[in-house]
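Here is the structure we will look at, set down as structure tokens.
The values are calculated or read from the model by the stated rules, or taken from the named source; none is laboratory data. Bear in mind the structure is a predicted one, so any value in this text is a computation, not a measurement. Cβ placement follows ideal geometry from the backbone for every residue including glycine, while neighbour counts extend to all protein chains displayed. Surface areas here come from the heavy atoms of the whole protein model, side chains and all, with no ligands, DNA or RNA. Shrake-Rupley method; radii C 1.70, N 1.55, O 1.52, S 1.80 Å.
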Amino acid sequence: MPEVVIVGGGISGAAAAYEIARAGHSVTLFEARELAAMASGWTLGGVRQSGRDPAELPLARAAVERWSGLDEELGAATGYRRKGNLRLARTEAEAEIIRNLVADQRALGLEIEYLTGQEAIHAVAPAIGPSILAASFCPGDGHADPVPATRAFAAAAVRHGAVIREGTPVRALLRQGERVTGIETASGERIEADRVVLATGIHAPELLAPLGLSLPLAVKRVCVLQTVPLPPVFEQVFGVANADAAGRQEVDGRLRVTTGIGDWPHEPAGWNADSLAPRTADIATLIGRVSPILPAIAEAGLARVWGGLIDLTPDALPAIDARTGIEGLVLAAGFSGHGFGIGPVTGEIVADLALGRQPRFDLSPFELGRFAGRSAPAAPLSLHG
């Protein structure tokens, strides 16, 4: 019997499995599809501190320090590069948003500067188009490759004794009184455990509901476009003031760009690649939106398009909590499109909670109970990553 069962094979679940296994405890991770099948696979891959909610900023700062040594620690390439993050303004109204963002984040101690005019912007990022009026620049931010990074954590977990079971959906959490005692798979297999970690993103509400717990999520879709490899043109991650586009150049030269969020009027449990596929109109909109920002994309060959889903909470902050009223349950879901970058630290926190250790962060902003009485998410999406 494993001491800990983890449900969900994104970066949070894989990192938690690694931390638990290397601490010498038995852990089994169940993933319904394949590792990084949803948010940790489609995401832009940003690793940023800038633009974070003040409650999330300590996690982001700690995560940046972890990312810098992960390739060596995990024995695999994560694609991590620390080249900075630009948040761009296309209008005077957006420039005011960026100015305020820089002032607020400087007040929190973050190294970030306000760039105004083409000369200042091009000194940092020559590939940015001439229509951009201003930008914030956080040099300590960066990006990584989502699927390799998630799989690196999983492989390291296995080397420490963890069991990873892909293609194994979990249909229920087992319960005795006010305590979870394990999981039941879709095939009827029952696995007992001392602790159960629920890190399933958009699927968390359906597993929580039978326990009498509610995690209010709006499930939104993001469209992603990837080009063929290009020569190096852009080192940073870019976003925009209203979060309707973001992008970066991957280590292999491919440009990866995303839209803001859009509605996805289907049941979360039934998603597949076809149902998430962007419409041609969506891709045309994305290209039209990104081309003035990064003109190189207009002439690039199109390699792939896909869609991904975001588990958006009412305040766009995750629920990371072991005090839900159900003993033995650890929740880590609702990362609202920006959980990848803090994934290594989320793994630490989840492992601490699952093993009864005191986390090194204040988790009060992430308690599930803060959503009591709230049903409709209202917070806007911030930059992915």
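When the chain is modelled as a GNM with alpha-carbon springs shorter than 10 Å, which of TRP271, TRP67, TRP306 fluctuates the most?
Greatest mean-square fluctuation among the candidates belongs to TRP271.
Under a 1.4 Å probe, what is the accessible area of the chain per residue, stated in Å²?
38
Give the carbon-plus-sulfur fraction of the accessible surface of the chain in %, rounded to a whole number; probe 1.4 Å, heavy atoms of protein chains only.
On the way: 7540 of 14630 Å².
C and S atoms contribute 52 percent here.
If you average the sequence gap of Cα pairs under 8 Å that are 6 or more apart and divide by the length of segment 1-132, what percent do you get for the contact order?
Relative CO of segment 1-132 lands at 16 percent.
Could you pull out every residue, at least 5 positions away or on a different chain, whose amide H is within less than 5 Å of the one on ALA172? Hs are placed 1.01 Å off N in the peptide plane, and Pro or chain starts have none.
GLU184
Most mobile of GLY328, GLY69, GLY79 per a Gaussian network model of the chain (Cα springs, under 10 Å)?
Comparing GLY328, GLY69, GLY79 in the GNM, the peak value goes to GLY69.
Which value, in nm² and rounded to one decimal, describes the direction-averaged projected area of the C-alpha convex hull of segment 71-163? The partial results should precede the final answer.
Details: hull surface 32.2 nm².
Over all viewing directions, segment 71-163 projects a mean Cα-hull area of 8.0 nm².
Net charge around ARG175, counting only other residues with Cβ within less than 11 Å of its Cβ (Lys, Arg = +1; Asp, Glu = -1)?
With Lys, Arg at +1 and Asp, Glu at -1, the net is -2.
Determine the distance separating the Cα centre of segment 338-355 from the Cα centre of segment 208-224; give it in Å without decimals.
Each part reduced to its Cα centre gives a spacing of 19 Å.
Note down, for segment 212-317, the three equivalent ellipsoid semi-axes (square root of 5 times each alpha carbon gyration tensor eigenvalue), biggest first, whole angstrom.
On the way: eigenvalues 151, 48, 29 Å².
Each semi-axis is √(5λ); the values are 28, 15, 12 Å.
Just to confirm the filter: which GluC sites (Glu not before Pro) across segment 115-178 are DSSP coil and have at most 15 other Cβ within 10 angstrom of their Cβ? Mind dumping the intermediate values first?
Details: sites: GLU119, GLU166, GLU178; in loops: GLU166, GLU178.
Listed in order of number, the matching sites are GLU166, GLU178.
Taking only Cα atoms and a 10 Å spring cutoff, compute GNM fluctuations for the chain and point out the largest among GLY325, GLY140, GLY13.
Comparing GLY325, GLY140, GLY13 in a Gaussian network model of the chain, the most mobile one is GLY325.
Report the per residue volume, in Å³, of the convex hull enclosing the C-alpha atoms of segment 163-281.
Working: hull volume 21.9 nm³, N = 119.
Measuring per residue, one finds 184 Å³ for the Cα hull of segment 163-281.
Mind putting a number on the dipole of segment 256-385 about its Cα centre? Charges go on the C-beta only, +1 for Lys and Arg and -1 for Asp and Glu, and I need it in Debye to the nearest 20.
Roughly 220 debye, rounded to the nearest 20.
Kirkwood Rh over Cα pairs of segment 48-118 into Stokes-Einstein at 20 °C, 1.002 mPa s: D in µm²/s?
Values: Rh = 13.9 Å.
In µm²/s, the coefficient is 154.
Given 25 °C and 0.890 mPa s, compute D for the chain with the Stokes-Einstein relation, Rh being the Kirkwood radius over Cα pairs; round to the nearest whole µm²/s.
The Stokes-Einstein estimate is 117 µm²/s.
Whenever you get a sec, line up MET38, MET1 from highest to lowest accessible area (probe 1.4 Å, protein heavy atoms).
Largest accessible area first, the list is MET1, MET38.
Can you list the residues, at least 5 places off or on another chain, whose amide H is less than 5 Å from the amide H of GLU178, using H built in the peptide plane?
none
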